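The values are calculated or read from the model by the stated rules, or taken from the named source; none is laboratory data. Just so it is clear, the model here is predicted, and its values are computed rather than measured. Because the Cβ atoms are built from the backbone with ideal geometry, glycine has one as well, and the counts that use them run over all protein chains shown.
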Amino acid sequence: MYEFCVTQYKGNLEEHKFLADLKKNYIDHCAVWWYRKDTFLYRMLNKTLHIHQYDTLYSLRAFIRRLHEQIVEQQKNTKSEKNANSCLNCTRLMCQLAAWKR
């Protein structure tokens, strides 16, 4: 996924800062957190899903799979909890802690 994103945003210095952060700190169990960041990843994935760019979907398949798995898990957890936001907050906290350890 990283190599694909680098080629897509060649020459865009702002997005390359995000890519450097992604390469350094990405952890599989934090896909929701990375998706929710206001960056090209969110916009690119949504656009790709809307216009059916299958080659892009294929390139992002591992990230999409992790994102789907985490959303399903969070839905399961949310059904058993009174506060729907607590699971997202927990995931966000876990990802931040993991990033700080690096």
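Name the residues in region 55-76 that are surrounded by 15 or more Cβ atoms within 10 Å (Cβ to Cβ) and either polar (S, T, N, Q) or in contact with a Lys or Arg (Cβ under 7 Å, 6 or more places away or on another chain) (or both), would you? T56, S59, Q70, Q74 - these are the residues of region 55-76 that are surrounded by 15 or more Cβ atoms within 10 Å (Cβ to Cβ) and either polar (S, T, N, Q) or in contact with a Lys or Arg (Cβ under 7 Å, 6 or more places away or on another chain) (or both). Residues in region 1-54 that are of a type in the set (D, E) and either surrounded by 15 or more Cβ atoms within 10 Å (Cβ to Cβ) or modelled with pLDDT under 75 (or both): 2 in all.
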